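Heads up: the structure comes next, in structure tokens.
What follows is calculated from the coordinates using simple rules that are stated; it is not laboratory data. Computed from a predicted structure; not experimentally measured. Neighbour counts run over all protein chains shown; Cβ positions are idealised from the backbone, glycine included.
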Amino acid sequence: MPPVRPPPWLLLALVVGSGCDDPSAENADPAESRGEAPVTTSPSPRLKRLTDPQYRRIISDVFSEDVQLPANLEADERVEGLFQVGAATTAISSYGVEKYEGAAYDIAEQVVDSPVLRAEWVPCDGSTLDEVCATDALDALGLHLWRRPLSDAELTVVTDLAVHAGETLGSFDAGLQYGIAALLMSPHFLYRVELGDGPDAPADGYDDWEMASRLSFFLWDTTPDATLLDDAAAGRLTDPDALADVVDRMLADPRTRDGVASLFSEMLHLDELDHLTKDPTVFTYMSDELGPSARTETLTVIDRHIFDDDAPYPALFTTRDTYVDRTLAALYDVPAPKPEGFGPIELPIDGARRGLLGQASFLALQAHAASTSVTRRGIFVREVLLCTVIPEPPANANTAIPEVDADARTMRERIAVHLEDPTCASCHQITDPIGLSFENFDGLGRYRLTENGVTIDASGELDGDAFDDAWEVGAVIARHHQLAPCLTETLLQYATGASTEHLDDSLLDWHTDGFVAADHRILWLLRDIALGPAFRGHSPVE
Amino acid sequence: MKPRFPLSWFPAARDWRPARSALSRRAVLRGFARGSAVAVALPPLQAMFNAGGTAYACDGVLPVRFLLWFWGNGNLPDQWIPTTTGDGDAWALSHQLAPLAAYKHKLCVPTGLDCKLDNTSPHGSGLAGILTAVPRIESGSDSVLGGPTIDQVIAQGIGGDTIYRSIQTAASNTSGESWNGPNSRNPAETDPYAFYARMFGDTFVEPGEDGEVDPRLGLRRSVLDAVMDDIDALNARVGAEDRLRLEQHLTGVRELELRLARLEEDPPDLESCTRPDEPTGDFGDIDGRAQVRLRNQVMSELIAMSFACDQTRVGAHFVTNPVSDVLFPDTTSGHHDLTHNEGGDQPQVDAITVQLMECFADTIGILDAIPEGDGTLLDNMVAFATSEVSLGQVHSIEDMPIVLAGSACGYFKQDHHYRSLSGENVTKLLISLQQAVGMSTVDFGGGAAAASGGLSDLEA
């Protein structure tokens, strides 16, 4: 790979990053000791398709939450565990094109038919085929839907469509719908077109409009608001000093809470809780509400941890604070804090349940329909939290776990074969010892002391760090050396959509060093990535 | 003029860089041997069109149709393979094929066919072998199918003349496994209501109905023209991998525009085409158990009428997906879990496979109930039922489970069991299927799966 010269803005960014022109102590960079940002090869630009939730949030933000959308748009795909990487990798299908067309006309009709929305966007009464009015409406809509101003030529195309349709149908409003639909079907809406090839883009960097889009989707998981578009128009997003202020404003905005919820929902696969398959004859606490409740619990705990407490990331795995409704309180065998809805509780100090991995969102999702899965739980810890790859098992191996018999009543005894057979052990010794430490929780997340009459042994070790009881496993994960680098890597991928192979080691190390020095505060890491080289610069298109 | 569909997919060459640490995801990813470039040349159509030049003729009138009918996790070969071979009374259905008894006279069952790819990815290698006949390729840290699936290969051949080039459906919560190429899935519709609305909603015109042309169709096409111009302009600015993605997007827009143009024409005059009843009822899970059989029946009704009305000639229907952990009735765990962890002769896995064949019997019964010409819709098509493995417990890809229903207008033998004693390459069956619908394919597949020529033993 050819060496890349440092872009001019990078040198300026270092000055800002050091915090030396900001006198306030709380804004001083706690990670000053890590040194200057490395000169790295940033990922090449890739088109990122809007995810289904992003599409919905954009329409709600630009128009109104009352605008109805079809139940299904193009399905999102996880690549390397993340929808954001999938959005930069997968193609839009023919069926997807069809769905996007249907949604575009649905939205356009609702905008024109709503007196409030029509008054907001259309500066005429529509009694005549007013071309200037159509131009003005589509110009304003275009800025918000394409996240940049339309060129004169682009505006002419959509205006002509609206005017021609208005003539054909004998109605200005009916015609305008075709112009709006054209904006919504365009690749400039459906993809985040951040290519860094515009005339105003800094060398090897993104221009102001592209930066507005990148920042907004990274931190808020939605489209730039009017203020951010104003910042872009004023050139503040390619000015390193001003950019830091904009990022701080964005982080203080409540929408960052939505963005962080999206990020952790992707990372922890919380969307899959909508399709939790459990045998209710085995798991009597199973209900239709359990999966969605478990997601609310996890996202609320994360939200409060980050935004209310600004607490360190590893403490998410040891905290006894959680947030439950009656469904979860019953499962966890704790008093419900409220008769209706969710409330905070502190889990018992003498219990095994604590941290994110004591929650049903992990314990139930990473298990089988009628039993636990030591391997799935172990793979989740390894791959999602520690970014360790688990090779696929050999295809022709018999992976059967022996059935319960007099000699092997617990899962630990039954799967011992995996750890004795060298073919199996090479992978299962990576996953199973950590998965076994959760055996005190059944396949739904209910605490149990015994399995088939035998006391469960939840002791184990993770890369040499041994523990005796289930409640200790969270602490062991919290102090694992790969926990912080893995979150950094995941966030960088989420922010850029890049495959991990396109992220430089030196960049990962630099961000991780800062994150650790900043007491593992996630808000600090979000800011650091938003101001960092991979987010603002890119390699040539390839 | 641009080709209507991308003809080949090339995985991008990437630098190999040294590993960072032994176990990091990134390190392993970088250490993977890169898949070699796989070019999938799609075959030209044989010159077997009718006088109008629009469709392969079956009995001189009707087009041949193709349905991939897929289930996950395989079978139990000992319970699947019929013990006798030959035609008619010479062979008898096995235990797992017994649910198909009412249609035995319209079945062609090949056994003993092996997937020849290296079995390196559990469920993945077999899926690649049975649906694409090319090795999987590495994409980022994932391994993905390296070429289009058989339904898309056939849609390339015979899908060009209908409102929908192909359709994808599922009877459980899965996106299905219909792919145009790497990272380009055709997601399956899982919702019977949405599928009905798509195929038989506002735009559907029954033969003989007043087909007044809606001026809005022309306006929608003008909008699509503008979208295509935007995609073209964008294409000049992006890298190689994004260009492939945009080409696929453009294909989708072109298909939609063509569909709108066809809606301006009168529908074909087909005797058995009627607007079906809209589905009614609740198709959600009951106590954690998916209503697979009911959903398969409803989807099969709509697929059958889509064929009868010539809305499409190619379908891919995923009853369940590979590695599906659907909880079937009267079982104690998910299907995939049982294939690995049920002991003994795996009676529950056996019962699930029998249930799946009951579902297939439902589907072919529905197809066989629609009269066409002197026979039925089923006679004028072939339904290819298969899975990604044979014995799920060990992910075997030898002796793949396959049932063909319908003769494809007399191409396949009926009431026939063919047992390959030499473990012939299953790719030869994929070649036969293409030839059965009128394509001239002789060589197909790549790497160890490559084959030449179909299975003449199956031909009538």
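Taking amide H as placed 1.01 Å from N in the peptide plane, the amide H of B:Gly446 sits under 5 Å from that of B:Val134, each at least 5 places away or on another chain.
When A:Asp204, B:Asp287 are sorted by how many other C-beta atoms sit within 10 angstrom of their C-beta, beginning with the fewest, the order is B:Asp287, A:Asp204.
Couplings for region B:199-208, taken from phi via the Karplus curve 6.51 cos²θ - 1.76 cosθ + 1.60 with θ = phi - 60°, read 8, 10, x, 3, 8, 6, 10, 6, x, x Hz in order; Gly and Pro are left as x.
A full extension of the chain between A:Thr281 and A:Glu461 corresponds to an added length of 61.5 nm, given 0.36 nm per residue minus the alpha carbon distance. Near A:Lys48, the amide H atoms lying under 5 Å from its own belong to A:Arg192, A:Glu194; only residues 5 or more places off or on other chains count, and H is placed 1.01 Å from N. Peptide packing: for B:441-449, A:455-463, B:387-395, the average count of neighbouring Cβ atoms within 10 Å per residue gives the ranking B:387-395, B:441-449, A:455-463, highest mean first.
When the Cα positions of A:Gly96, A:Phe441, A:Ser506 are compared along the charge dipole of chain A, A:Phe441 comes out farthest toward the positive end, with charges on each C-beta of Lys, Arg, Asp and Glu. With both labels modelled 7 Å from their Cα along Cα-to-Cβ, the B:Ser422 to B:Ala261 distance reads 4.7 nm. Across peptide A:181-187, the mean count of Cβ atoms from other chains lying within 10 Å of each residue's own Cβ comes to 6. Number of Lys-Lys pairs in the protein assembly as shown with C-alpha atoms under 30 Å apart and a separation of 8 or more places or on different chains: 13. In this calculation the C-beta distance from B:Asp457 to B:Asp374 is compared with R0 = 22 Å, giving a FRET efficiency of 0.25.
Helix A:505-517 and the longest principal axis of the C-alpha atoms of chain A enclose an angle of approximately 70°.
Give me a single rounded figure for A:80-88: the average over its residues of other chain Cβ atoms within 10 Å of their Cβ. Per-residue shielding by partner chains comes out at 2. The helix-based estimate of mean residue ellipticity at 222 nm for the protein assembly as shown, built from -39,500 (n - 2.57) per DSSP H run of four or more residues and divided by its residue count, is -12000 deg cm²/dmol to the nearest 500. Amide hydrogen proximity for B:Met381: with H placed 1.01 Å from N in the peptide plane, the residues at 5 or more positions away or on another chain lying under 5 Å are B:Arg65, B:Ser407, B:Ala408, B:Cys409.
Per-residue mean of foreign Cβ neighbours for A:402-408 is 1 (Cβ atoms of other chains, 10 Å radius). Computed from the C-beta positions of A:Ser114 and A:Asp200, the FRET efficiency with R₀ = 35 Å rounds to 0.50. Our note on the geometry: Cα centres of region A:349-386 and region B:163-219, 39 Å apart. The length gained on full extension between B:Asp345 and B:Ala450, counted as 0.36 nm times the residue separation minus their Cα-Cα distance, comes to 34.3 nm. For the peptides A:246-254, A:288-296, the ranking by packing is A:288-296, A:246-254, with the highest mean count of neighbouring Cβ atoms within 10 Å listed first. Derived scalar couplings between HN and Hα for region B:66-73 equal 10, 10, 7, 10, 10, 10, x, 6 Hz in order, rounded to whole Hz, by the Karplus curve 6.51 cos²θ - 1.76 cosθ + 1.60 (θ = phi - 60°), x for Gly and Pro. Figure legend: label point modelled 7 angstrom from the Cα of A:Arg257 along Cα→Cβ; residues of region A:209-237 with amide N under 17 Å from it are A:219-222.
Normalised by the number of residues in region B:70-201, the average gap of Cα pairs under 8 Å and 6 or more apart makes the relative contact order 12 percent. The angle separating the long axis of helix A:255-267 from the principal Cα axis of greatest extent in chain A is about 50 degrees. Electrostatic tally near A:Ala484: other residues with Cβ closer than 12 Å to its Cβ, Lys and Arg +1, Asp and Glu -1, net -2.
Between 0 and 90 degrees, the angle of helix A:483-496 with respect to the longest Cα principal axis of chain A falls at about 20 degrees. To the nearest 0.05, what FRET efficiency results for A:Asp303 and A:Asp271 with a Förster distance of 22 Å applied to their C-beta separation? With a Förster radius of 22 Å, E is 0.85. Taking other residues whose beta carbon is less than 12 angstrom from the beta carbon of B:Tyr196, and scoring Lys, Arg as +1 and Asp, Glu as -1, yields -4. When Rg is the radius of gyration of the Cα atoms in the protein assembly as shown and Rh is its Kirkwood radius, what does Rg/Rh come to? So for the protein assembly as shown, dividing Rg by the Kirkwood Rh gives 0.96. Between B:Asp87 and B:Asn235, the modelled label-to-label distance comes to 5.0 nm, taking each label 7 Å out from Cα in the direction of the beta carbon.
When only Cα pairs below 8 angstrom with a gap of at least 6 residues are kept, region A:365-502 shows a relative contact order of 25 percent. Counted by neighbouring Cβ atoms within 10 Å, the residues A:Glu266, A:Glu210, B:Glu398 run from fewest to most as B:Glu398, A:Glu266, A:Glu210. Using the Karplus relation 6.51 cos²θ - 1.76 cosθ + 1.60 with θ = phi - 60°, the per-residue 3J(HN,Hα) values for region A:132-144 come to 5, 5, 4, 4, 5, 5, 6, 4, 5, 5, x, 4, 7 Hz, with x marking Gly and Pro.
Would you please classify the overall shape of region B:358-460 from the alpha carbon gyration tensor, given that a ≥ b ≥ c denote the square roots of the eigenvalues, rounded means a/c under 1.5, and beyond that prolate means a/b larger than b/c while oblate covers the rest? Oblate, because a/c is 1.5 or more while a/b does not exceed b/c.
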